[in-house]
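This report refers to the structure that appears directly beneath it.
Every number in this text was worked out from the coordinates using simple rules, so none of it is lab data. Everything numeric here is computed off the predicted structure, so don't read it as measured data. Here Cβ is always computed from backbone atoms with ideal geometry, including for glycine, and neighbour counts include all displayed protein chains.
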């Protein structure tokens, strides 16, 4: 045991950000909250002081927050660059697919549908080949402060992948960091080898070829166009390190536009580029030296006090007086948010999680657990003022979750300003037509008659950790083995006391039938890939398991809980439904 | 066909003729001789993959570390020795920490058996000098050094110079309680947190020199707990990742064996 001069003595006493910090008097007092229990949150705060407060305020919590004062809304919100392929067209890969340490999915070579090998995956467009490197990088998140991060291609957010529907791609992903990573395309329909199973690593210094099919499953022998995703996102999923790597910035968008959605854009129904913008929101906390604060021993759930939007703290964004499509993503580890516009005008909601809704709906506010997405259209031509703020109105004090219950939350209005929209110019003529009620993507409901098995999963907290059905994640055991090609009913029951657990199931969408015995809110009534469970919530979902055999995971998407093994395995197999089987495959 | 599964599914029936095998990135069905050839190929592939991992030691982290916030409180161990928590047990070492109390009849007896096994298994991997196990009491007013010694005797934990040191420690209640919260071993619900019988059954462990820390539940699968701890605390790539790069046919077999026994 080395015992010369203590390292602590050598570098001086460092108090981590957990210690109390003194705040400059110019920041003003901490905002007082007004609580409302109606869920939609109505208060009587004076609007005259609202914009002053939103403008001047920083978000420092004097006790445990980021001790770096800064002025909000002084940085422009960046739009992540679109990832360009190295080559297009099979077999024109720039390298040999699969010729890397971690190889490629065997399905890349066969492409037959697991439940019906006479069928091949629907494909239409030539294959594309990408290469990506996960790297450490130093960037500016808080103005004037250098912050070490970790990002795909060394940027945060990572580059945006834009895929056509039915356009297969290979992404050779190198890991130039010192974390053992595993990349997950959240919302994607992909084989197990490249789906981000936590133990299917990209070891430091190595690469894995991720085969993203961009395909859709079959429904009675016909490609299920209702399943084509829109706003997906990719992020790290490595066992034990996910909470850390994600807060350091390992996340990006993957947008798929299939022929049908392209048609909505071409017919000027939905906004097109550059008025179709992904917006990643994630909370972080910083140390006084600008590094991102993170505690690997805190498993409750990371909460930050600085909201980073597309990699910048509380930015502004210039918009014209026209409609914009914003693809919101809550990329926080554990913070649930509820988005609202500062003048109270509703959003036009067009998508929930990865899928367009069957028709556009009006949404007063957008409740999002970690990992959820919501696409909305905001028509700035209807806004007279020159400024509008996107706010988070949801109150959350610790990793357990927001204050209140799932459908009855504590909110504050005005909320915390996330983005300041600066609205310029006259209304633009010839704008797209989408509005409340516009028909979007057809939805094919899963029928009760298709259900082949019912499973119950209870989520609870015991002795400092969380379990599913009184077990922890076992990477070699498939807890649920549906028959591949079938549909099942899953009951997700949160008995974990005051803890919120957003449950994400890989591979396919699920359809929420009931929340606590009632029909779900309309925005969640079609397809989802994250099922939000509040305290004591019980949700009933239908889900299909098509095209690929496993293993795949489902888990709480509070990343600290996920790292603590709050996760289970499902493995669609030919001779299901079964339970508790060895994995049908393993791809280290 | 409709089936209903209770939340704890019953045993599954496996027949040898449907033995599933993982490996070589392919799904293989076992049919007698094919299986042993495929197994040999798998073992060979695993050897190559493990050999490709370097044994060069990672460099120490010299700037800020997680342990910088750990207080250097005074402890007394079961031998009556005075120890400083940070300087003697944490700094530049690999350490496994667990809170317990001698009167616990809940999770502690199980935890003790798991840690005994880890002491032996991790001792073989890390050697006995860099790794230390520390059990910290939740009841210092009861758990004097003599009580700790009695407890260790009952649990079959011995001072053993061939194994990593396992220190049972007591001290000042407020300081131990503050340390516990500092280490993240607490429940946000103050009622649960105040109830010793509901104390966390987790192992908090890390390699201070390399600034890698994690905490995992004692009740998870032992082999996976062990390989996760080796991965988090490992000092070179081969040590960390040997288990991670292997096609796990043997693990599948172990699972099948355990199912067949039950």
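Summary table below
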| quantity | calculated |
| --- | --- |
| Fewest-first ranking of A:383, A:553, using other Cβ atoms within 10 Å as the exposure measure | A:383, A:553 |
| For the stretch A:64-199, share of DSSP beta bridges that run antiparallel, in % to the nearest 5 | 60 |
| Shielding by partners - mean other protein chain Cβ count within 10 Å, residues of A:173-183 | 1 |
| Footprinting exposure proxy for A:460, A:336 (fewest neighbouring C-beta atoms within 10 Å first) | A:460, A:336 |
| Three-way shape label, the stretch A:448-582, alpha-carbon gyration tensor, a/c 1.5 | oblate |
| Protection proxy ranking of B:124-135, B:85-96 - average other beta-carbon atoms within 10 Å, highest first | B:85-96, B:124-135 |
| Virtual spin-label span in nm between residue A:428 and residue B:141, 7 Å along Cα→Cβ | 7.0 |
| Residue A:345 versus residue A:138: modelled label distance in nm, points set 7 Å from Cα along the beta carbon direction | 4.3 |
| Percentage of interatomic Cα-Cα distances in the stretch A:385-507 larger than 21 Å | 67 |
| Rounded to 5, the percent of DSSP beta bridges in the stretch A:467-588 classed as antiparallel | 95 |
| 5 Å binning of all Cα-Cα separations within the stretch B:103-207, expressed as whole percents from 0 upward | 2, 11, 20, 24, 21, 14, 6, 2, 0 |
| Estimated 222 nm signal from helices in chain A, with DSSP H stretches of n ≥ 4 weighted -39500 (n - 2.57), rounded to 500 | -1500 deg cm²/dmol |
| 18 Å cut-off, amide nitrogen to a point 7 angstrom out along residue B:160 Cα→Cβ, residues in the stretch B:103-128 | B:109-128 |
| Mean Cβ neighbour count within 10 Å, used as a protection proxy, ranking B:157-164, B:202-209 highest first | B:202-209, B:157-164 |
| Sites residue A:447 and residue B:129 - FRET efficiency at Förster radius 56 Å, r taken between beta-carbons, to 0.05 | 0.30 |
| Kirkwood estimate for the stretch A:87-266, i.e. one over the average of 1/r between Cα atoms, Å | 17.0 |
| Fewest-first sequence of B:247, A:234, B:101 by Cβ atoms within 10 Å of each Cβ | B:101, B:247, A:234 |
| Among A:476-486, A:192-202, the order from most to least packed when residues are scored by Cβ within 10 Å on average | A:192-202, A:476-486 |
| Residue B:40-residue A:88 pseudo-label distance in nm [points 7 Å out on the Cα-to-Cβ vector] | 4.9 |
| R0 of 22 Å, Cβ-Cβ distance residue B:54-residue B:120: FRET efficiency to nearest 0.05 | 0.25 |
| Potential lengthening between residue A:462 and residue A:439 on full extension [0.36 nm per residue; Cα-Cα distance subtracted] | 3.7 nm |
| The stretch A:189-238 - Rg and Dmax from Cα coordinates, angstrom | 13.7, 44 |
| Antiparallel %, DSSP beta bridges [both residues in the protein assembly as shown], to 5 | 70 |
| Distance between the stretch A:470-526 and the stretch B:173-214 - C-alpha centres, whole angstrom | 31 |
| Shielding by other protein chains, A:562-570, mean Cβ within 10 Å | 2 |
| Extension reserve of the residue A:362-residue A:387 stretch, reckoned as 0.36 nm per residue once the Cα distance is removed | 6.8 nm |
| Average beta carbon contacts from partner chains per residue of B:238-245, 10 Å cutoff | 3 |
| Length added when fully stretched, residue B:150-residue B:236, from 0.36 nm per residue minus Cα-Cα | 27.1 nm |
| Compactness of the protein assembly as shown, expressed as Rg and Dmax over alpha-carbon positions, Å | 26.8, 85 |
| Principal axis box of the stretch B:66-243, alpha-carbon based, largest edge first, Å | 44, 36, 31 |
